[in-house]
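Down below is the structure, laid out as structure tokens.
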Amino acid sequence: RPQWADASAGQPDPTWPADRPQVKIDYVFFRPAAAWRVVETHVIDEPVTSDHRPLLVVLEAAPPPASEHARGTGASRQPSEA
């Protein structure tokens with residue numbers, strides 16, 4: 001069974017409530033974990049538009065494993081959709 005990876009695992013900043021965040025309750029999950037690389041995560045300082053602070057996550061498609069590239073299968077490899 002596929003496992004979900006937490007893109008915000010390294011981001012301990014709280015996101016709720018927006019006016020004075022004290023609890024981290026917002027996450028971004030993705031899979032398959034090996035198909036993606038987390039480039040950036042941070043909580044945006046925006047206390048007005050929602051009751052949560054926005055969590056920005058930038059993901060980058062990871063290069064295929066060397067074994068797939070050598071067989072010529074890496075070019076057609078697409079990350080799975082949730």
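Read-outs throughout are calculated quantities, based only on the coordinates presented, and are distinct from any laboratory measurement. The structure displayed is predicted, hence computed values, not measured ones. Note that each Cβ is placed from the backbone with ideal geometry, even for glycine, and that neighbours are counted across all protein chains shown.
Each residue, residue 33 and residue 4, gets one label point 7 Å from its Cα in the Cβ direction; the gap between the two is 1.4 nm. On full extension, the segment bounded by residue 67 and residue 22 gains 11.7 nm, given 0.36 nm per residue less the C-alpha separation. Working value for region 1-49: equivalent-ellipsoid semi-axes of 25, 11, 8 Å, each the square root of 5 times a Cα gyration tensor eigenvalue, largest first.
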